[in-house]
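Following: one structure in structure tokens, then a few remarks.
Coordinate-derived values only; no laboratory data. All values reported here derive from a predicted model rather than from experimental measurement. Note that each Cβ is placed from the backbone with ideal geometry, even for glycine, and that neighbours are counted across all protein chains shown.
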Ligand SMILES: Cc1cc2nc3c(=O)[nH]c(=O)nc-3n(C[C@H](O)[C@H](O)[C@H](O)COP(=O)(O)OP(=O)(O)OC[C@H]3O[C@@H](n4cnc5c(N)ncnc54)[C@H](O)[C@@H]3O)c2cc1C
């Protein structure tokens, strides 16, 4: 066993948006001695790993960035509405350089375990290069969509061609020219990648398990006058997104879809459709997530659009989502997605009508008894969302209890920041916080600021440990589940519902609070102001 070589005030795991901001805050605001561990070879997290063709953000870039560096908000110029992966990575590299963050980050190093020592009240953190360090505070900035989900397809090892997962795409890219490519999955990532790959490949065969409701991204250059106006109003924008429901400048129409005339509804739907991005998802009628009838009206509009766009009615029918409410899965943004299925070199194999993937053979994929010959397979099968990267840390809290033991029926946290029995552990955008249901930088900043203030308060009052009480945690878990059970979110077999991973207990992973991100922040701030209600400080 390696011996402890160094001790830190705080160890932060991960160097994406969350880890970078956490390091900046603890080191430069509080003056703590911090070590960040990162599996990747540089900063960026999501934007370091996800290099598939078409990878770009779906949040509008002017708010998909840090808001704590006011000067950078003014200086930075995004090239388009939703910049590509390399541009966002470049932005995060720039932030790291500007704030001299890399000197405290150890790259190419994965945390493989961490144990809380009840006698010293310190965490011992182990890494894959045999290092062992101690820290008072342990902050998981491991991301929500960072643990790759690679389903165990029978026969994959026999495949003679090349295969890739979108979340671990080669840095050098992949040349699809003249290749027969198979794409497995039709989630948000696949919707970005399919039109791009179809332009290069000789033939693209898309294997669809569940059809998705896609809405247009409407990417492009942003009008310089709009950019100027936004820069002039950044203070207002930041305030609004922090107080908003989804961390975006999207607001529900304060009306039931059922109280409108068909003409009025069509006008509103057209407006959202033309605006592109998350407008149709997050600025729709207020009962869209609650009333099946209201939801059906929104869903029908998209279904009509699919039928209008896809020329072959048989293919269009396969692309029409069935059996779950609109908006209950992560909204994919589409740039020529449906149009791509009009191309002669693209075919769609739908699990429901053509048969499920049975196995991977030496030469391709067999589905519904037919082998589709392929040179390259791309798996866009997503992530073990939210709980996956946390469980992989092999944490041991009080009494040596693990997350596997604590989370048998799904995650249990207090506010998504803290877990009972795991003192001084903070989880940025952890399960049961708004997290993936928001524009993530807003939620990341809120957690980083809250954690920083909490640690500062502990140091001022000479407290050594903070941990959620079981009672507060139980209440929070009950609250999260009660709120979501009143919505249509539970109707879908989505990754939000943990349904994409066989054997993962069915549980809603984020928090869909009654007042969204803004209300959640208010709640967290009140808890802090009331002496960290629901936490035990010692
Ligand atoms: C393709 C894609 C597109 C997205 N688009 C949007 C969008 O448009 N809007 C939006 O709000 N969100 C989007 N997201 C979500 C995105 O993950 C967040 O916006 C944000 O990047 C999260 O930052 P993070 O630092 O919390 O996590 P990440 O960026 O995931 O970083 C976590 C880091 O932790 C490291 N790590 C994990 N475990 C360990 C370990 N044991 N040891 C060492 N290091 C470890 C990982 O290597 C990773 O680098 C997208 C996600 C994906 C995958």
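Below are the figures for this structure:
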quantity: D (Stokes-Einstein, µm²/s), Kirkwood Cα radius, the chain, 1.002 mPa s at 20 °C; calculated: 88 µm²/s
quantity: Computed lengthening from residue 200 to residue 158, 0.36 nm per intervening residue step minus Cα-Cα distance; calculated: 12.6 nm
quantity: Efficiency of FRET between residue 457 and residue 506 - r from beta-carbon atoms, R0 41 angstrom, step 0.05; calculated: 0.65
quantity: Burial ranking of peptide ranges 42-51, 476-485, 516-525 (average Cβ count within 10 Å, highest at the top); calculated: 42-51, 516-525, 476-485
quantity: DSSP-defined beta bridges in the chain - what % are antiparallel, rounded to 5; calculated: 40 percent
quantity: For region 453-508 and region 95-117, distance of Cα centres in Å; calculated: 25 Å
quantity: Contact order relative to length of region 356-502, as percent, for alpha carbon pairs under 8 angstrom and 6 or more apart; calculated: 19 percent
quantity: Inter-centroid distance (Cα atoms) of region 126-156 relative to region 370-401, Å; calculated: 10 Å
quantity: Relative contact order [Cα under 8 Å, 6+ residues apart], region 204-320, whole percent; calculated: 30 percent
quantity: Principal-axis tilt of helix 85-98 within the chain, Cα atoms, nearest 10 degrees; calculated: 20 degrees
quantity: Helix axis angle, 516-529 relative to the chain longest principal axis, alpha carbon, degrees; calculated: 10 degrees
quantity: Sorted by Cβ neighbour density within 10 Å, fewest at the top, the residues 115, 264, 38; calculated: 264, 115, 38
quantity: Helix axis angle, 440-460 relative to the chain longest principal axis, alpha carbon, degrees; calculated: 10 degrees
quantity: Value of [θ]222 nm, deg cm²/dmol, for the chain, DSSP H segments ≥ 4, -39500 (n - 2.57) each, nearest 500; calculated: -9500 deg cm²/dmol
quantity: Stretch gain in nm, segment residue 209-residue 499, where the contour uses 0.36 nm per residue and the Cα spacing is subtracted; calculated: 103.1 nm
quantity: Length-normalised contact order for the chain - Cα pairs under 8 Å, 6+ apart - percent; calculated: 19 percent
